[in-house]
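Working notes, beginning with the structure itself.
The values are calculated or read from the model by the stated rules, or taken from the named source; none is laboratory data. The shown structure was predicted, so the numbers you read here are calculated from the model rather than taken from an experiment. Cβ: placed from backbone, ideal geometry, glycine included. Neighbour counts: every protein chain shown.
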Amino acid sequence: MIKKWRSNSLLSGLILFGVLLIPFIRQFLESVMVLHMLVQLPLLVLVGWLIGITITRNFQSHFDSWNSNGIPGTLLFVMITMYWMIPRTLDEALSIWYIELFKYVSLPVIGLLLYDSWKKLQSIGKSFIYLNYLSMFGLMAWLYIDSPIQICNNYLAAEQKILGWGLLGITAFMVLYLVQAVFTDQTEEAI
Amino acid sequence: MSSLVNKGELKQRNGQIASYLIIGAVVIAVMMVFGILMLLAQGGMLNLSAANFYQFLTIHGTGMIGAAAFAAAGVMWYFLRDYVQLSKKIFTWNLVLFLIGVVMVIIGVFSFEYASSWTFLYPLPALSANAWGTVGALLYLVGMLVLGVGFLLLYIDTGRAIIKKYGSLGKGLGWDVISGKKAEKDAPPPTVVASTMVTIVNVTALTAGATVLIMNIINVVNPAFTFDPLLAKNLTYAFGHIFANSIIYMGVIVVYEILPRYTNRPWKSNRIFLIAWTMSTTFTLLIYTHHMLMDSVMPKWMLIMGQALSYANGLPVLVITAYGALMIVYKSGIKWDMASGLAFISMFGWTVGVVPAIVDATIVVNHVMHNTKWVPGHFHMYMGLGAVAMLFAFMYYLAKVDSNLETTILDKIALIVYTLAIISVSGQFLVSGAISTPRRWATHFPEWMGPALFGGIAGVFMFLATVIFIVHFISYIQVRGTSTGSDFDDKKVA
């Protein structure tokens, strides 16, 4: 059952990756700023996560040799996602082919690393990363909503604001999730 | 509980605590020197350039808040570990990150002349009129970020440990007792309640702080990226006010823990106590808006909320704790010493120190007083005679229970001198405020100089008293772990 689920996840990951590579889909997602950052990029990470379920199991010793506590993989994840939050990178992905290629390679790779790292991270590390992204999303929301200038050549200023509100929505959701997580009874759970 | 712990392990753990306290106390003493220099300059006794004055102002504020918060975190950790399983590794990491952050801040301020005051209010870090450059601003802001990371890790750990033991942060605040699901006798102890409150407010504050710090960093690196200054100010004070306020809520754990040991009377969490702490948790998160009362563009409801909740926040925990302290001591036959004396005096400092703040939180008063020295009058009394006195109380307590070191008459004189000196320093600020002396001004008119000069001289006595406290603590560190007697904590102090 578990084996079947794992092979399904690998297949799902590859299918999703294939779908995201279809020119029409790719162009559509990249034509709207909010879809580019909040749909395409996370889906590419999800590709890596799904593939990682099988890959990390088959090469567990390799991953354990350099990512035994999950911190190196998480650091790479944080650095790459921070890179893709910079407005200029979205612009360059549309204008420069090798940046686009980097996007299609780097995000699935960090998705895979996230899968391997998250289960190894201690709860303190997970909480820290969560809060780090909470403040980061809040900041990016503020930046995109409040910026008095057009940040990207390829996207209008109005699109920036929509993206900013999207990021603010994610921030609000993260706050709500955090509040329910710390105020609901977790006595039975291993923390 | 401490008596059940292996003594070798206890010695090692107390070593970490002692590191926190000695670093905190020494930094506080050094910051006093900068405070004295500023007051003497304002009093016309010292020729200090404006650039130096604002550098001193920046390091004084940053250092005092940072060091007091750091030492108070050590106090909280010391007592909380008796109830929940805390991570020693995280505790050490906080110390390392604190030192790295402090070094960055010091280099930023003194080598690169960064001087925006500890509030780093946007857009000042980037707009200095060439008083400082990009490197200084970045060193300061990134240093603060590093400090924040250490504290955030620490509070994530306290939150994790409390949730693991009690089920949720709500239960750490005793909500199940408040709602009647649990009996009062099963309520979490005061230390856990206070630590839960501090965890909630400081994780919120540090997350807000990280956001506004990174925003400032972006603005310093590329001034084309501008942000809404009003939102920046809100986030800055959501960080700064809450974080500074939390120091006393960590420090008060000293009162909850040591007065019962001295009086052999338990300090239990009853329903009123728990409700008061829940109220303070909520209010502390919301009342930072009393720093915005002069910002007429703020939504009116937020300003009204700032005034109303500031009144309310001053009362619940303070009244419950001050009343509790009086009751626990009353006819207890307590044998006063340095620790119990300082802990008791700290309640006076907290109670008296909060009054000017409540006055200043009144909108019509705030419009007149907020930019005067009235406000430093409040926080010097509140922090100096409240929070910092709690830290010194703990230093004497630890020295007493963890060694055979005795206090001398010099320590008792220092206690009296410290109390009178901090009252004098705070008093001169309040008097200065009453005669409309502006705060954060390097140069004073002759009419404003008298109180400042008086404060500077009083500050010298306060510094000397603090040095005596520190010398006693250093003497303890040299002989720590020499305490005899099987019951490590309780019998020795009773």
**OP:** Scan region B:440-494 for residues that are at pLDDT 95 or above and among the basic types (Lys, Arg) and report the count.
**Re:** 0
Original post:
List the pairs whose first member sits in region B:419-440 and is under 26 Å from B:PHE120 (Cβ atoms), whose second member is outside any helix (DSSP H, G or I) and of a type outside the set (S, T, N, Q), and whose Cβ atoms are under 7 Å apart, counting only residues at least 6 apart or on separate chains?
Top reply: B:PHE429/B:LYS373; B:SER432/B:LYS373; B:GLY433/B:LYS373; B:THR437/B:LYS373; B:THR437/B:HIS444; B:ARG439/B:LYS373
Original post:
Hey, B:ASN222 hits all of (1) more than 8 Å from chain A (Cβ to nearest Cβ); (2) more than 19 Å from the chain's Cα centre (by Cα); (3) in contact (Cβ under 8 Å) with a residue 40 or more places away in the chain but one; which does it fall short on?
Top reply: (3)
Subject >> Qualifying residues in region A:111-151 (those that are more than 14 Å from chain B (Cβ to nearest Cβ) and small (Gly, Ala, Ser)) - the one surrounded by the most Cβ atoms within 10 Å (Cβ to Cβ) >> reply: A:SER117
**OP:** Look through B:TYR83, B:TYR122, B:TYR140 and report the one residue that is more than 15 Å from B:GLY61 (Cα to Cα) and either charged (D, E, K, R) or at pLDDT 95 or above (or both).
**Re:** B:TYR83
Original post:
A:LYS103 is checked against (1) touching a helix residue (DSSP H, G or I) at 6+ places or on another chain (Cβ under 8 Å); (2) among the basic types (Lys, Arg); (3) surrounded by fewer than 18 Cβ atoms within 10 Å (Cβ to Cβ) and fails just one. What number does that condition carry?
Top reply: (3)
Original post:
In region B:380-412, how many residues are without any contact (Cβ under 8 Å) to a residue 40 or more places away in the chain and part of a helix (DSSP H, G or I)?
Top reply: 1
Original post:
Considering only residues of region B:321-335 that are of a type in the set (Ser, Thr, Tyr) and under 25 Å from the mean Cα position of the chain (by Cα), which is surrounded by the fewest Cβ atoms within 10 Å (Cβ to Cβ)?
Top reply: B:TYR323
**OP:** Please indicate, with yes or no, whether at least one residue in region B:247-268 is on the phi < 0 side of the Ramachandran plot, among the basic types (Lys, Arg) and assigned to a loop (DSSP other than H, G, I, E, B).
**Re:** yes
Original post:
Listed residues A:VAL39, A:VAL32; which is more than 14 Å from chain B (Cβ to nearest Cβ), aliphatic (A, V, I, L, M) and without any contact (Cβ under 8 Å) to a residue 60 or more places away in the chain?
Top reply: A:VAL39
Original post:
Only one of B:ILE214, B:ILE272, B:ILE287, B:ILE218 is buried (at least 24 other Cβ atoms within 10 Å of the Cβ) and in a helix (DSSP H, G or I); which?
Top reply: B:ILE287
**OP:** Within region B:289-307, count every residue that is aliphatic (A, V, I, L, M) and under 12 Å from B:ASP360 (Cα atoms).
**Re:** 3
Original post:
Given the conditions (1) in contact with a helix residue (DSSP H, G or I) (Cβ under 7 Å, 6 or more places away or on another chain); (2) part of a helix (DSSP H, G or I); (3) under 25 Å from B:ALA238 (Cα atoms); (4) more than 14 Å from chain A (Cβ to nearest Cβ), and given that B:PHE120 satisfies all but one, which numbered condition is not satisfied?
Top reply: (2)
Original post:
Which one of these is within 13 Å of chain A (Cβ to nearest Cβ), farther than 30 Å from A:PRO87 by Cα and β-branched (Val, Ile, Thr): B:ILE214, B:ILE258, B:ILE200?
Top reply: B:ILE200
Subject >> region A:111-130, residues that are assigned to a helix (DSSP H, G or I) and in contact (Cβ under 8 Å) with a residue 40 or more places away in the chain >> reply: A:GLY111, A:LEU112, A:LEU113, A:LEU114, A:TYR115, A:ASP116, A:SER117, A:TRP118, A:SER123, A:GLY125, A:ILE129, A:TYR130
**OP:** Have a look at B:VAL75, B:VAL27, B:VAL102 and point out the one that is in the same structural domain as B:ALA244 (by TED's automatic domain parsing), assigned to a helix (DSSP H, G or I) and modelled with pLDDT of 95 or more.
**Re:** B:VAL102
**OP:** Of the conditions (1) outside any helix (DSSP H, G or I); (2) more than 12 Å from every other protein chain (Cβ to nearest Cβ); (3) more than 28 Å from B:TRP93 (Cβ to Cβ), A:PRO108 clears all except one; give me its number.
**Re:** (1)
Original post:
How many residues does region B:441-462 contain that are within 22 Å of the chain's Cα centre (by Cα) and surrounded by fewer than 19 Cβ atoms within 10 Å (Cβ to Cβ)?
Top reply: 2
Original post:
Of these, B:LEU153, B:LEU147, which one is within 11 Å of another protein chain (Cβ to nearest Cβ) and in contact (Cβ under 8 Å) with a residue 24 or more places away in the chain?
Top reply: B:LEU153
Subject >> Long-range neighbours under 6 Å by Cβ, at least six apart or interchain, first residue small (Gly, Ala, Ser) within region A:141-163, second in a loop (DSSP other than H, G, I, E, B) >> reply: A:ALA157/A:GLN150
**OP:** Could you grab me the full set of residues in region A:169-191 that are of a type in the set (A, V, I, L, M, F, W, C) and within 12 Å of chain B (Cβ to nearest Cβ)?
**Re:** A:MET174, A:VAL175, A:LEU178, A:VAL179, A:ALA181, A:VAL182, A:PHE183, A:ALA190, A:ILE191
